[in-house]
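Report on the structure given below.
The values are calculated or read from the model by the stated rules, or taken from the named source; none is laboratory data. Since the structure is predicted, the reported quantities are computational estimates derived from the model, not experimental observations. FYI the Cβ positions are ideal-geometry reconstructions off the backbone, even for glycines, and counts take in every protein chain you see. These area figures cover heavy atoms from the full protein model, side chains too; ligands, DNA and RNA do not enter into them. Shrake-Rupley method; radii C 1.70, N 1.55, O 1.52, S 1.80 Å.
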Amino acid sequence: MLWKIRTELADRPGALAELAARCGADDINILHLEVFAAEAGAIDELVVSTGVGWTAEALSALVAEAGCGRTTVRPCQADVLHDAPTRYLRAVLRLIDDPVSVDDELGALQGFDEYTPAEWARADVLVELAGRLAERFEPQDGPRPGSGVPELRTATVDDAEAVVAMHERCSYESRTRRYHVPMPKLTARTARHLSAPAGGVSIVACVDDAVIGMATAAPWEELGSTTMELAVLVEDGWQGQGLGLRLLREVVAEARALGADRVVCMVQPENHAMLRTLERLRMRSRVVRDGDSLMVSVALSDRSLSHAVDHPPVPYRLRRATPSHRPEPTRSAGQPAREYPLAAVSALQPNPGRAGAADRDGADRGGRP
């Protein structure tokens, strides 16, 4: 049987030889070895062949006897014996045909929950590559008012009518990704609230007299007085042009100017486009699974990500996104909060239904600024 073992070797000469000797004493054959550099020292990944009767627990104990720590053991298939460059190149070939399969590809290539710095770099490149391929091959549907270069500015209540018109041009899926609930109709009252949120700010993208995109930052009191929630909507005909990233950068800068030291965005796990857009901010971020959603926190100051990851659940109020007469559901506590890196967060959970319009959200499709 084949096993993949990832372990942190003791920081001393001969540590790897000691592990190899320990494996040899139990007739365990080391078939493949890859070494990753890390801040704490070397992390070795081995593929070993064992006889019948070996378990992950027994192999972990054997590795510990050789002086190694932080060990993870998993069964694997023979394809892991191919050299790493070949496996990544084959993944690129598959992404050319199916860009949104990047989550499955990363899951197969990495294989462990914790990534080394080298694996982060590889994942980041694959995610960016998949985003660019998706932009190239996925057509943009829907009306597209105007043809000039969008101009960004701070929104006011006077933009409410144009915001309602943009909302009506957006697809059902884009609206649902933005508001997390079906939003067939945006009232003028809610549009005024979104255009000039109390204590926050909205940025609109305009072509001629039409609003074609909007990003909002509004205080989220339950997470602290210096935390703001972000949300972005770009109408379908203008998605894939990097507009979501431009809006996001502008609204983050305005939120910082208003005194926020952290911005938070609730994202559905299958919303790969929004996750790629947030990643392209190139800012320190933390991702925590919270019930059925991902909470992406972006640091605006040195202390803003120092809070505990396993925070108690707070009500996710939709009052900034939905009319006031709608009920305000509470986020489920779900499993214990778990932190993930943003660069490859789409690999957290395979989405069998992602084919087709999986990247239809109200944000940018991972485009360039």
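Couple of notes before you dig in:
- Net length gained if the chain between residue 87 and residue 128 were fully extended (0.36 nm per residue, minus Cα distance): 13.0 nm
- Compared with the direct C-alpha span, the chain from residue 258 to residue 77 gains 59.9 nm at full extension, assuming 0.36 nm per residue.
- Computed over protein heavy atoms with a 1.4 Å probe, the accessible surface of the range 166-261 works out to 35 Å² per residue.
- Between residue 157 and residue 70, the modelled labels are 5.4 nm apart [label points 7 Å from Cα along Cα→Cβ].
- Backbone geometry of the range 190-200 corresponds, through the Karplus equation with coefficients 6.51, -1.76 and 1.60 at θ = phi - 60°, to 3J(HN,Hα) couplings of 5, 4, 5, 5, 5, 6, 9, x, 4, x, x Hz, x marking Gly and Pro.
- Protection proxy ranking of 80-91, 254-265, by the mean of other Cβ atoms within 10 Å over each peptide's residues and highest first, is 254-265, 80-91.
- Residues in the range 235-252 reached by a label modelled at residue 283 [backbone nitrogen below 11 Å; 7 Å Cα→Cβ]: 248-252
- Pairwise label distance in nanometres, residue 21 with residue 58, each label 7 Å out on the Cα-Cβ vector: 2.3
- In the context of the full set of protein chains, the range 1-127 has a per residue accessible area of 51 Å² (1.4 Å probe).
- Nonlocal amide H pairs with residue 291, under 5 Å, H built at 1.01 Å: 335
- Carbon + sulfur, % of accessible area of the range 214-272 - ligands and nucleic acids excluded, 1.4 Å: 45
- For residue 274, the solvent-accessible surface with a 1.4 Å probe is about 10 Å², rounded to the nearest 10.
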